[in-house]
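The values are calculated or read from the model by the stated rules, or taken from the named source; none is laboratory data. Predicted model only: the values in this text are computed from it and were never measured. Cβ: placed from backbone, ideal geometry, glycine included. Neighbour counts: every protein chain shown. These accessible areas exclude ligands, DNA and RNA; they are computed on the full protein's heavy atoms, side chains included. Shrake-Rupley method; radii C 1.70, N 1.55, O 1.52, S 1.80 Å.
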Amino acid sequence: MTGSPKENNPTLDDLISLSEAAKRTGLSISHLRLLVTKGEIWGKKLGRNWLTTEQAVQEYLAKGVKPGPKAQSR
């Protein structure tokens, strides 16, 4: 997973749960988990909980990626 040095070594104060990230962004927890497992945003699994950082989520959102079904070409 790529990212800034702080993103690769966040402090405990930087970490938020995916459920907290979902509340802040409006994205679903399952979508955030998919983004983490695909390497689209930084995250780690600690026990059974997935964690990320506000910075990682905001950087993803700044890319302007829109989740949801893609338009089908005819």
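Need pairs with beta-carbon distance below 7 Å; first residue over 11 Å from SER17 (Cβ atoms) and within the stretch 28-48, second open to solvent by less than 70 Å² (accessible area, probe 1.4 Å) and of a type in the set (Lys, Arg); sequence gap 6+ or separate chains.
Close Cβ pairs (under 7 Å, with a partner that is open to solvent by less than 70 Å² (accessible area, probe 1.4 Å) and of a type in the set (Lys, Arg)) do not exist here.
Quick test for you: out of THR37, THR52, pick the one residue that is of a type in the set (Ser, Thr, Tyr) and crowded, with 21+ Cβ neighbours inside 10 Å.
Within the list THR37, THR52, the selection yields THR52.
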